[in-house]
Amino acid sequence: MTNDSSDAPQTTPAGQAMWGGRFSDKPAELMQAINVSIGFDRRLAPQDLAGSRAHAAMLRKAGVISSEDEAAIQQGLAQIGEEIAAGTFPFREEYEDIHMNVEARLRELIGPSAGRLHTARSRNDQVALDFRMWVREACERTAGLVQALQRALLAKAEAHAETLMPGFTHLQPAQPVTFGHHLMAYVEMFGRDAGRFADARARMNESPLGAAALAGSPFPIDRHMTAQALGFERPTANSLDSVSDRDFALEALAAGSICALHLSRLAEEIVVWMTPQFGFVRLTDAFTTGSSIMPQKKNPDAAELVRAKAGKALGSFQQLSVVMKGLPLAYSKDMQEDKVPTFEAFDALELSLRAMTGMVADLEPNAERMAAAAGAGFSTATDLADWLVRELNLPFRDAHHVTGAAVKRAEELGCDLPGLPLAELQALESRITDRVYEVLTPEASVASRKSYGGTAPVQVRAQIKRWKEVLQ
Ligand code: ARG
């Protein structure tokens, strides 16, 4: 049988291009240098083999190739899989990409039957399939790593559901919260990230195989059969879209960008908390490094690198968007540039997730220091204002004014709010009684914030319990 697709490589001896029939000269060295992709798309070898095996089985079932040819192809592909696993497979630049490397090797192993594998298929749908399967797995892997990080955060949050720390706005002390509550904020963020990877995975789970070069195939192929064999929900419904869509990768990179951004925010907080000026947490030697000149230093390098590696994910989304934005339908070679940014983004993200999971488990808060900071900066001023509203029925605006004056007076006297004498408070509002002191400690402030999702330990524990159920 002959091959129908416009991109029909003929298997030829090494040194001649697969499309040798139409060409009499070899490509210029520079042509090969800019064209070659085997250096990076060799990572698609497992997906390429799986796709070819499903395609060969389908061609046989459809009566397009004989059982003998299929058996030879399957046996050859299995051997190639072993060679790749053993590190003995000859990846050769003259065969440009992973697809032609596999086919060339198949021909060496089984002879002319190899030339029948590419029937009713093009490298355009082949690469779309391989890359989609790679991105699908990356989404699964990454979602799993995100959940591992969530579990580490949950464990730490549970141990510190009552550990006080200052809550900040504008990085100024605002109101006391608990360390557990703060960590649970990240559990929420990473929960949405895992959801985004799952959504992207579900949307991309359609098989482009059989779209061929761009228009479909005249052979009686069964695209539903290959889709099912490769774990897809269904085949893609438009052959042009099938070979020219890369928004599955963009969507995964978008999810990855947001996740990396969340990791970076947590990394930044760890860096700040580790400074002697804050002194909120410490990391063991396992996740810090020293300085070659300053013997006293303990640097949070892992956190800094997680913060920096977010650039890979964010940059990759940008890079692939720019590659795609001007492309007419259907396939253009520009799209070969989709892989490197995607591989780099997911490599960086996976390493960052692992490192962050390790750091979170390693993180030990300095509870005394955080509690002291939680009470500093007049952090219970809102509690005083709320008390005036509740107990004396003051309008909140008036209560805010009285409280502001109390803070000013405490500042003048060099004390904090709980240390401000009752007479001073009564000079501002005569009806204040000494019961007000019950609400002015950070413990009381935190315990009082029992609204759903608030920082009160009972609420934090309720959220921890819910997430534990979700994550098991
Ligand atoms: N190496 C190519 C890529 O990654 C495979 C598809 C090539 N198709 C073609 N018509 N030249 O995009």
TODO: Inspect all residues belonging to region 352-362 and state whether any of them is assigned to a helix (DSSP H, G or I) and more than 29 Å from Ala152 (Cβ to Cβ).
DONE: no
TODO: Kindly indicate whether Ala54 is farther than 21 Å from Phe131 by Cβ and either hydrophobic (A, V, I, L, M, F, W, C) or within 30 Å of the chain's Cα centre (by Cα) (or both).
DONE: no
- [ ] Take the residues in region 309-319 that are in contact (Cβ under 8 Å) with a residue 40 or more places away in the chain and open to solvent by less than 40 Å² (accessible area, probe 1.4 Å), then tell me which one is farthest from Thr288 (Cα to Cα).
- [x] Ser316
TODO: Check Val135, Val146, Val102 and return the single one that is within 14 Å of the ligand (Cβ to nearest atom) and either open to solvent by 10 Å² or more (accessible area, probe 1.4 Å) or within 30 Å of the chain's Cα centre (by Cα) (or both).
DONE: Val135
Open item on the list: Would you confirm, using the coordinates I've provided, whether Leu329 is away from the ligand (no atom under 16 Å from the Cβ) and either in contact (Cβ under 8 Å) with a residue 40 or more places away in the chain or more than 17 Å from the chain's Cα centre (by Cα) (or both)?
Closed with: no
Task: Residues satisfying the stated conditions in region 33-57, i.e. touching an Asp or Glu at 6+ places or on another chain (Cβ under 8 Å) and either away from the ligand (no atom under 13 Å from the Cβ) or of a type in the set (A, V, I, L, M, F, W, C) (or both) - done: Val36, Ile38, Leu44, Ala56, Ala57
- [ ] Select from region 450-472 the residues that are touching a strand residue (DSSP E or B) at 6+ places or on another chain (Cβ under 8 Å) and in a loop (DSSP other than H, G, I, E, B) and list them in ascending order.
- [x] Thr455
Open item on the list: Here is a check on your reading of the model: is Gln336 within 16 Å of the ligand (Cβ to nearest atom), open to solvent by 30 Å² or more (accessible area, probe 1.4 Å), in a helix (DSSP H, G or I) and farther than 30 Å from Val446 by Cα?
Closed with: no
Task: Of residues in region 105-131 being crowded, with 24+ Cβ neighbours inside 10 Å and among the small types (Gly, Ala, Ser), the one nearest to the ligand (Cβ to nearest atom) - done: Ser122
Open item on the list: Which of the numbered conditions does Pro328 fail, given that it passes all the others? Conditions: (1) open to solvent by 40 Å² or more (accessible area, probe 1.4 Å); (2) part of a helix (DSSP H, G or I); (3) not polar (S, T, N, Q).
Closed with: (2)
TODO: For region 273-280, state whether one or more residues are of a type in the set (S, T, N, Q), within 24 Å of Leu164 (Cβ to Cβ) and either open to solvent by less than 60 Å² (accessible area, probe 1.4 Å) or in contact with a strand residue (DSSP E or B) (Cβ under 6 Å, 6 or more places away or on another chain) (or both).
DONE: yes
- [ ] May I ask you to list pairs of residues, at least six apart or on different chains, whose Cβ atoms are under 8 Å apart, with the first in region 334-351 being without any contact (Cβ under 8 Å) to a residue 40 or more places away in the chain and the second being within 13 Å of the ligand (Cβ to nearest atom) and open to solvent by 10 Å² or more (accessible area, probe 1.4 Å)?
- [x] Asp334/Val323; Asp334/Met324; Asp334/Leu327; Glu337/Val323
Task: Whichever residue in region 427-448 is touching a residue at least 60 places away in the same chain (Cβ under 8 Å) and part of a loop (DSSP other than H, G, I, E, B) and, among such residues, is most open to solvent (accessible area, probe 1.4 Å) - done: Thr441
Task: Single residue of Val306, Val322 found to be in a helix (DSSP H, G or I), open to solvent by 50 Å² or more (accessible area, probe 1.4 Å) and of a type in the set (Val, Ile, Thr) - done: Val322
- [ ] Could you please find all residues in region 105-125 being among the charged types (D, E, K, R) and part of a helix (DSSP H, G or I)?
- [x] Arg105, Arg107, Glu108, Arg116, Arg123, Asp125
Task: Complete set of residues in region 388-399 that are surrounded by fewer than 18 Cβ atoms within 10 Å (Cβ to Cβ) and assigned to a helix (DSSP H, G or I) - done: Val389, Arg390, Glu391, Leu392, Phe396, Arg397, Asp398
TODO: Answer yes or no as to whether Glu96 is away from the ligand (no atom under 13 Å from the Cβ), among the acidic types (Asp, Glu) and within 32 Å of the chain's Cα centre (by Cα).
DONE: no
- [ ] Please enumerate the residues belonging to region 199-215 that are assigned to a loop (DSSP other than H, G, I, E, B) and in contact with a helix residue (DSSP H, G or I) (Cβ under 6 Å, 6 or more places away or on another chain).
- [x] Pro208, Leu209, Gly210, Ala211, Ala212, Ala213, Leu214, Ala215
- [ ] Among the candidates Ser352, Ser332, Ser379, single out the residue that is touching a Lys or Arg at 6+ places or on another chain (Cβ under 7 Å) and of a type in the set (Ser, Thr, Tyr).
- [x] Ser352
Open item on the list: When you scan region 377-396, do you find a residue that is closer than 17 Å to Val177 by Cβ and among the hydrophobic types (A, V, I, L, M, F, W, C), even just one?
Closed with: yes
Open item on the list: Here are the criteria: (1) part of a helix (DSSP H, G or I); (2) away from the ligand (no atom under 16 Å from the Cβ); (3) more than 30 Å from Pro457 (Cα to Cα). Tell me which single one Met184 does not satisfy.
Closed with: (3)
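The values are calculated or read from the model by the stated rules, or taken from the named source; none is laboratory data. On a predicted model such as this, the values are computed, not experimentally measured, just so you know. Every residue, glycine as well, gets a Cβ built from its backbone with ideal geometry; the counts of neighbours run over all protein chains shown. Keep in mind that these areas ignore ligands, DNA and RNA; they rest on the heavy atoms of the full protein, side chains included. Shrake-Rupley method; radii C 1.70, N 1.55, O 1.52, S 1.80 Å.
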